[in-house]
1. Anything in segment A:277-314 that is within 20 Å of the chain's Cα centre (by Cα), in a loop (DSSP other than H, G, I, E, B) and crowded, with 24+ Cβ neighbours inside 10 Å? List them, or say none.
2. Just checking, how many residues over segment B:145-195 are free of Cβ contacts under 8 Å to residues at least 12 places away in the same chain, within 11 Å of chain A (Cβ to nearest Cβ) and open to solvent by 10 Å² or more (accessible area, probe 1.4 Å)?
3. Does residue A:161 count as touching a Gly at 6+ places or on another chain (Cβ under 9 Å), in contact (Cβ under 8 Å) with a residue 40 or more places away in the chain and either aliphatic (A, V, I, L, M) or under 15 Å from residue B:195 (Cβ atoms) (or both)?
4. In contact with a Pro (Cβ under 7 Å, 6 or more places away or on another chain) and within 13 Å of chain B (Cβ to nearest Cβ): is that true of residue A:195 in this structure?
5. For segment B:35-57, which residues satisfy the criterion of being open to solvent by 20 Å² or more (accessible area, probe 1.4 Å), in contact with a strand residue (DSSP E or B) (Cβ under 8 Å, 6 or more places away or on another chain) and of a type in the set (Gly, Ala, Ser)?
6. Can you name the condition, by its number, that residue B:206 falls short on among (1) facing another protein chain (nearest Cβ under 7 Å); (2) surrounded by 23 or more Cβ atoms within 10 Å (Cβ to Cβ)?
7. Among (1) part of a strand (DSSP E or B); (2) facing chain A (nearest Cβ under 7 Å); (3) over 16 Å from residue A:279 (Cβ atoms), which single condition is residue B:211 missing?
8. As an exercise: evaluate residue A:277 against (1) on the phi > 0 side of the Ramachandran plot; (2) within 10 Å of chain B (Cβ to nearest Cβ) and give the number of the one condition it does not meet.
Amino acid sequence: MSGTYLGMPAFPRAARDAVRDTTLRGNLRHATHTIRDKRARAVAELDDWAALREAGKRIKDHTLRHLDRYLVRVEEAVTAAGGTVHWAADAEEANRIVADLVKATGESEVVKVKSMATQETGLNEALEAEGIRAYETDLAELIVQLGKDRPSHILVPAIHRNRGEIRDIFRSEMGEWGRPAPEGLTDTPAELAEAARLHLREKFLRAKVGISGANFMVAETGTLVVVESEGNGRMCLTLPETLISVVGIEKVIPTWRDLEVFLQLLPRSSTAERMNPYTSMWTGTTDGDGPRAFHLVLLDNGRTDTLADEVGRQALRCIRCSACLNVCPVYERAGGHAYGSVYPGPIGAILSPQLRGTGSEIDASLPYASSLCGACYEVCPVAIDIPEVLVHLREKVADQGGAGHRLERAAMRTATWLLDHPAALNAAERLASSTRKLHPKRLPGPGARQWTNSRDLPDLPAEPFRDWWKKNHA
Amino acid sequence: MTSPSSSRDRVLGRVRAALAEAPEPSEVTRDYLVSHTPDDPAAVVDLLHENLADYRAGVHRSTRDGLPALIGKLLAAHDAATVVVPPGLPGAWLADSDARQRLDDVPLTPHELDSADAVVTGCALAVAETGTVVLDAGPGQGRRALTLIPDLHICVVDVPGQVVASLPRALPRLDPARPTTWISGPSATSDIELDRVEGVHGPRTLEVVLVVD
């Protein structure tokens, strides 16, 4: 996964900076609390939510277990419907396939509907290197692109920006990319949306190539599904002559009927709506309606490594609803950028280190970017046990060593020995109690000091519990 | 770069290797409800009406005889001077409208669609629980671009024939081979401080007419 931002600090450092940014914290708190409350109401409308969630989980698990079969079926069905299927083992290959397809059309610009998969592969940058300009058309993605910024949320990528910041970005940047912002643009959301409409419409109407991801692809029929709100998705999917969809191999579901489960789970979990304004479904190409050429790029890029991990593979059930971000106390304070990947929040903390491996400092820190409170598991519409995977990944990271982890392991070994030797434990407790006035507020030494920089040491009681018990209950 | 066929083999080979030791997961269960709504056509239509309105679509009820007058009134109320007409739309529907008609029998260009004010279509289905109309490019609906570019979409739903209660009731009635567009209220965004704004790129106004005979 090449969606790593170069020079990205590990999570604790990035988070420390983010929590000091009071504007950012205000924007995030407002947004996450609004969505989480609305989501709870939307879910409460369906009294069979638990059954839908169980069905969603099991359909995904079944699909993942037979992924080879369903991928081959998708390929057959899409091909039979007039599409062309490409396979990409990694980000570089996916980008190469897309760049070659665009170049074959003779075009040097493309319109894009927001796609996590192409963010993950860094497609826009790869196309730029080939002289092809990619226009993001989702309003939030446009704000991010014009602001030379990075997305910070799966569903609302510009969640960290307030209206004043957005107006400033539109005023100063829109002209660089095409139609400038209207004179006297204010910061009301309606005016900002209108400015985006005018700016992008000229691009939609002339676009010859569209690029998308997909929320689902149906193996049985070869149908692709894109769920959206603004209509920019419909523009990209229907107006160009050539459509290229880059889709992670885990997005397949077996049957047309399975959509009845996921189209109930996804909108309510993500935007807290009974249904999102627009859902587009297409199967290959249709004469006289929509693109004349359709290319599907099936992307691996670390997904098969994730699939091989018996605990971690459940992360591939994810339908990218972002409910876990909105309930996470860590995300709410740290923001999406701190996670250093296109997948922020709790799901990012388990998905990114699996897709990319835990070799880098940021990826090794992500399994620790959580308080393990379990709120993410509660809201997940496909019941991914995120805390379980976090703990599993922490073990992996600890096993691969590193200074902090050596110290942690030494401490754990000492604790194990003490707990196995009651007399020694007793003596240690008495010693600790009798010297409590001398205890420092922070632990000395590298590693230990870092631990207590962000945590208070517990106060020791005046006497050990066992002594107190003997005195009062003997 | 590796050759295309070898990437296919590589990815499928990795999938098979990853799953070699994987146990068979639990059977798929479908204990969820087929519908959340009483099995009463009037209640289903009322729910459709309520949910469409909740997502800020205009909702109107009409008899078949009253339909042309209502469509004419809606077009006039939105100052629509030009209306796009999909092939197969019953001619009578626009009989009481003064708007200039542009028939899409020879496909209009995107710029021509952009210069039109409105489009009138039928639909394939409407889903009450989600407040959704589904278009499948059938007669009277036309290709997908027609309901995307003009700023006003008037959509006519036959009651009760085209109304279902829920998503599980909707999918079996649709043909996956056809391109479908599911529309729940007008185009909207909540990307700026989560304030909902109607009409970013799709039609800013959706008027749904429920035709009850």
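The values are calculated or read from the model by the stated rules, or taken from the named source; none is laboratory data. Source: prediction; values computed, not measured. So basically every Cβ, Gly included, is an ideal-geometry build from the backbone, and we count neighbours across all protein chains shown. Please note that ligands, DNA and RNA were not included when accessible areas were found on the heavy atoms of the full protein model with its side chains. Shrake-Rupley method; radii C 1.70, N 1.55, O 1.52, S 1.80 Å.
1. Matches in segment A:277-314: A:300, A:301.
2. Filtering segment B:145-195 for residues free of Cβ contacts under 8 Å to residues at least 12 places away in the same chain gives B:161, B:171-172, B:176-177, B:189-195.
Cutting the leftovers down to within 11 Å of chain A (Cβ to nearest Cβ) gives us B:171-172, B:176-177, B:189-195.
With the extra rule that they be open to solvent by 10 Å² or more (accessible area, probe 1.4 Å), the set shrinks to B:172, B:176-177, B:190-191, B:193-195.
Count: 8.
3. yes
4. For residue A:195, the condition - in contact with a Pro (Cβ under 7 Å, 6 or more places away or on another chain) and within 13 Å of chain B (Cβ to nearest Cβ) - is met.
5. Hit for segment B:35-57 is B:53, nothing else.
6. Of everything listed in (1) facing another protein chain (nearest Cβ under 7 Å); (2) surrounded by 23 or more Cβ atoms within 10 Å (Cβ to Cβ), residue B:206 misses just condition (1).
7. Result: residue B:211 passes all but (2).
8. (1)
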